[in-house]
Amino acid sequence: MADRVTVIGWDGSPLTAAARSALGAATLVAGAAHHLALPEVPRGAERIRLGSAALAARRIAGHRGTAVVLADGDPGFFGVVRTLRAPEFGLEVEVVPAVSSVATAFARAGMPWDDAQVVVAHRRTLRRAVNVCRAHTKVAVLTSPGAGPAELGLLLDGVHRTFVICEELGTEREQVTVVTSEKAADHTWRDPNVVIVIGGPVGPAGTAEGGGWIAGRDPGTGARGWALPAEAYGGDLGEGEGELLRAAQLARLGPRVGDLVWDIGCGSGAFAAEAARAGAAVIAVDQDFAACARTEAAARGFGVQLQIVRGTAPHVLEDLPEPDVVRVGGGGAAVVSAVADRRPQRIVTHAATRDAAERVGRDLTEHGYQVQCALVQSVELDTRAWTETERSVAFLLSGLLPDRTV
């Protein structure tokens, strides 16, 4: 086992005295090609090209001597330190940090970043990183080969964003480029790079005077609570948009950061806005121009990002990106069946009659979903006289696809 492992962060600036001392005593050095070319690396040290952090950790664990790992930026921030400290390697790790590549990227752009979301994009997580870019106005994306600026731009089709692309930060080839998201696919970008994704209007609920108190989106902005009353959305809600039914739909779907939610038949925009308030990316669909306008107003009022698509389901759904969870507010069994063909993890809808609920439930079962159905009844009372003012009844259906976990 290595006697000692020192992880040195490198941001292009001269190495500190502690870093030079550790590197000078190293008998094994792991890092990228530009790290191993540094003049401070001892000539006689064994050198490992750092590709897989886990493979490098195994090599280091079997080494008799002193090991150094060089990594770009702060190695404790989405870096190699987490892998090296895994119990199976049994390594004692010391860290010499540097300025993170995210902090450097925002410094190059001359922007604050305490209000930014930070995500890592690999091939397997690229879609979820894109969903965060859809849902938030300022996102830093740590990219990887095959999940870079071009791929981000292609998957953001229909959503305008500005990209600040910082290539090879800290090196002589460092370059900062500003392009629109639709132009990002027209270029070949050098790794490693960080992409700052900016854009989308922010309404009153998304503003914070003098900055916030927590990194990322401030959870204290906007209205408190969920399933807000009709007055929060400018008046009467449509069928299937009542507070209690909407609360049950949100609970069954559980939208979260990194998800893409389809809201088909968005009506007033109440469900779409509240799913977006949970941090999910949302595509709201409706064939009615007025419904689209109300949904846009709801998003603006709550300071959330929505993509609104006007068209008739199920045909309009064909070109939409892959959803994680879907609410079908209108269109009936045909639309539910078309949604199930796209295999989202969860689907929720409602029906006015038991026969309609059975048709939808059977179709979801045939598509491989586990189906739940509940009769949801709500009665509103005038608390001055404790008399009934309104009653609504609906069958709440939800389907869960057991073989899709994320």
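The residue list Arg123, Arg128 contains one member that is within 15 Å of the chain's Cα centre (by Cα), outside any strand (DSSP E or B) and surrounded by fewer than 17 Cβ atoms within 10 Å (Cβ to Cβ), which is Arg123.
Count of the stretch 255-285 residues, restricted to those that are in a loop (DSSP other than H, G, I, E, B) and not hydroxyl-bearing (Ser, Thr, Tyr), is 12.
Among the candidates Arg294, Arg327, Arg300, Arg310, the residue that is open to solvent by 70 Å² or more (accessible area, probe 1.4 Å), touching a Ser or Thr at 6+ places or on another chain (Cβ under 8 Å) and in contact (Cβ under 8 Å) with a residue 24 or more places away in the chain is uniquely Arg294.
Restricting attention to the stretch 313-324 and to residues that are over 22 Å from the mean Cα position of the chain (by Cα) and among the aliphatic types (A, V, I, L, M), the residue that is surrounded by the fewest Cβ atoms within 10 Å (Cβ to Cβ) turns out to be Val316. Scanning the stretch 1-36 for residues that are touching a residue at least 60 places away in the same chain (Cβ under 8 Å), more than 15 Å from Pro97 (Cα to Cα) and not basic (Lys, Arg), we see that the one that is least open to solvent (accessible area, probe 1.4 Å) is Ala2.
Residues in the stretch 67-91 that are over 30 Å from Val164 (Cα atoms), within 31 Å of the chain's Cα centre (by Cα) and open to solvent by 30 Å² or more (accessible area, probe 1.4 Å): Arg85, Pro87, Glu88.
Of all the numbered requirements in (1) at pLDDT 95 or above; (2) in contact with a Phe, Trp or Tyr (Cβ under 6 Å, 6 or more places away or on another chain); (3) not aromatic (Phe, Trp, Tyr), Ala61 misses one, and that requirement is (1). The set of residues from the stretch 208-236 being exposed (fewer than 11 other Cβ atoms within 10 Å of the Cβ), over 18 Å from Phe106 (Cα atoms) and modelled with pLDDT under 70 comprises Glu209, Gly210, Gly220. Among the residues of the stretch 339-367 satisfying the criterion of being of a type in the set (A, V, I, L, M, F, W, C) and within 25 Å of the chain's Cα centre (by Cα), which is surrounded by the fewest Cβ atoms within 10 Å (Cβ to Cβ)? Step by step, filter the stretch 339-367, then rank; the result is Ala340. The selection criterion, being of a type in the set (Val, Ile, Thr) and over 30 Å from Gly199 (Cβ atoms), holds for Val81. For the stretch 141-154, the condition holds for at least one residue, the condition being that it is farther than 30 Å from Pro39 by Cα, open to solvent by 30 Å² or more (accessible area, probe 1.4 Å), part of a helix (DSSP H, G or I) and not basic (Lys, Arg).
Of the residues screened, Arg342 is not one that is at pLDDT 95 or above, in contact with a Leu (Cβ under 7 Å, 6 or more places away or on another chain) and within 29 Å of Gly158 (Cβ to Cβ). Exactly one residue out of Arg64, Arg108, Arg49 is surrounded by fewer than 20 Cβ atoms within 10 Å (Cβ to Cβ) and touching a helix residue (DSSP H, G or I) at 6+ places or on another chain (Cβ under 9 Å), and it is Arg49. Kindly list the number of the only condition in (1) open to solvent by less than 60 Å² (accessible area, probe 1.4 Å); (2) out of contact with any Phe, Trp or Tyr (no Cβ under 9 Å at 6 or more places or on another chain) that fails for Glu94. Evaluating Glu94 over (1) open to solvent by less than 60 Å² (accessible area, probe 1.4 Å); (2) out of contact with any Phe, Trp or Tyr (no Cβ under 9 Å at 6 or more places or on another chain) leaves (1) as the failure. Highlighted here are the helices (runs of 4 or more DSSP H) found entirely within the stretch 1-116 that include at least 3 residues which are farther than 23 Å from Gly170 by Cβ: 53-61. The C-beta contact set for the stretch 153-174 (first residue at positive phi and at pLDDT 90 or above, second residue crowded, with 17+ Cβ neighbours inside 10 Å and in a loop (DSSP other than H, G, I, E, B), distance under 8 angstrom, 6+ apart or interchain) comprises Glu168/Pro192.
For the stretch 274-286, state whether one or more residues are modelled with pLDDT of 95 or more and of a type in the set (Lys, Arg). No - not one qualifying residue is present in the stretch 274-286. Checking the structure you have, find out if any residue of the stretch 26-37 is touching a Gly at 6+ places or on another chain (Cβ under 9 Å) and polar (S, T, N, Q). Yes, the conditions are met somewhere in the stretch 26-37. When restricted to residues that are open to solvent by less than 50 Å² (accessible area, probe 1.4 Å) and of a type outside the set (A, V, I, L, M), the stretch 368-406 contains 8. You will find that of Gly269, Gly254, the residue that is over 20 Å from Ala338 (Cα atoms) and surrounded by fewer than 24 Cβ atoms within 10 Å (Cβ to Cβ) is Gly254 and no other. Put simply, of Val164, Val178, Val195 the only residue that is open to solvent by 20 Å² or more (accessible area, probe 1.4 Å), farther than 18 Å from Pro321 by Cβ and outside any loop (DSSP other than H, G, I, E, B) is Val178.
The values are calculated or read from the model by the stated rules, or taken from the named source; none is laboratory data. It should be emphasised that the depicted structure is a prediction, and the values quoted were computed from it without experimental measurement. No Cβ is skipped: glycine too gets one built from the backbone with ideal geometry, and neighbour counts run over all protein chains shown. In case anyone asks, the SASA skips ligands and DNA or RNA and just uses the protein heavy atoms, side chains included. Shrake-Rupley method; radii C 1.70, N 1.55, O 1.52, S 1.80 Å.
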